[in-house]
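This report concerns only the one structure given below.
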Amino acid sequence: EQQLPRVLIIGDGVYNKAVRNVINELKGKAMVAHFPLPAEIVHNSTSVILHLDLVLGRYARNGKLLPEENWPEWDLIHFNVGLGDLIHRVPDIDTFRCLPVEAGGVIGTDPKSYEKNLEKLVIALRKKSPDAKLIWASTTPIFGEEATIFIPGSEIQYNKIAERVMQQHKVPISDMHSHVMTLVGDERPTGFDSPYGFGKKQIHSPIVRTIADAIGLPMQREDQSQAP
């Protein structure tokens, strides 16, 4: 029996919700997995590098590192970090405590550090999973004045940084930012639902399409009826 392609999705709370839909849509076509960081660890470019073996699925449920021969092998890794880097926090302390911008919170990762971290992350992923195709997902939009630990629109600069790094390393980009902007239109979420939620809207469709195209899965196209 032929083994299904193995796909890993690395991402923050946005992906926790989307992954379930991706698994359902690709059932019988690909084995899709996602290993989120523990809730007490902010998913950002620093923590993902620090805990890379964990997000690569190399730990057992009991928290112990698996023997190397039991590490999963991936055909494709779809990855993103960004929102956690843009959270504002209490300055000059080792632990990560959020602090609103207007109360003096400082951004979790400055632009220069973000660029360096993405460089390290791409290199580390290629070293640890040399046979996996990599796809970068751009960071989804930050809406709403109520989300005061974020600055709305701050992800745009960081997506430009990521685009530069990914182009240098020849990593394809899935434009999740544009997809979500189009999806929500004028119904932009505020408060608690921003930026990790999008009301009742589901954002998984470009993830499914990107994965299917990258590993050659036959998929029913939504626009087939409009094809010439």
For this session: Could you figure out which of (1) crowded, with 17+ Cβ neighbours inside 10 Å; (2) free of Cβ contacts under 8 Å to residues at least 60 places away in the same chain; (3) over 16 Å from GLY11 (Cβ atoms); (4) not polar (S, T, N, Q) isn't true of LEU134?
Result: (3)
Exercise. Got at least one residue in segment 160-183 being under 25 Å from LEU99 (Cα atoms), surrounded by fewer than 16 Cβ atoms within 10 Å (Cβ to Cβ) and without any contact (Cβ under 8 Å) to a residue 24 or more places away in the chain?
Worked result: no
Problem set entry | Positions within segment 139-154 being closer than 29 Å to ALA212 by Cβ and either open to solvent by 20 Å² or more (accessible area, probe 1.4 Å) or at pLDDT below 95 (or both), in sequence order | THR140, PRO141, ILE142, PHE143
Seminar exercise, completed: Within segment 5-32, residues more than 22 Å from LEU54 (Cα to Cα) and not polar (S, T, N, Q) come out as GLU25, LEU26, LYS27, GLY28, LYS29
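Give the residue, chosen from ALA212, ALA124, ALA162, ALA227, that is more than 30 Å from VAL106 (Cα to Cα) and at pLDDT 90 or above. Before you say what the answer is, go through the steps one by one.
Working: ALA124 fails: more than 30 Å from VAL106 (Cα to Cα); ALA162 fails: more than 30 Å from VAL106 (Cα to Cα); ALA227 fails: at pLDDT 90 or above.
Result: ALA212 is the single residue among ALA212, ALA124, ALA162, ALA227 that is more than 30 Å from VAL106 (Cα to Cα) and at pLDDT 90 or above.
The values are calculated or read from the model by the stated rules, or taken from the named source; none is laboratory data. On a predicted model such as this, the values are computed, not experimentally measured, just so you know. Glycine also receives a Cβ, built like all others from the backbone with ideal geometry; neighbour counts cover every protein chain displayed. Accessible surface areas use protein heavy atoms only, side chains included; no ligands, DNA or RNA. Shrake-Rupley method; radii C 1.70, N 1.55, O 1.52, S 1.80 Å.
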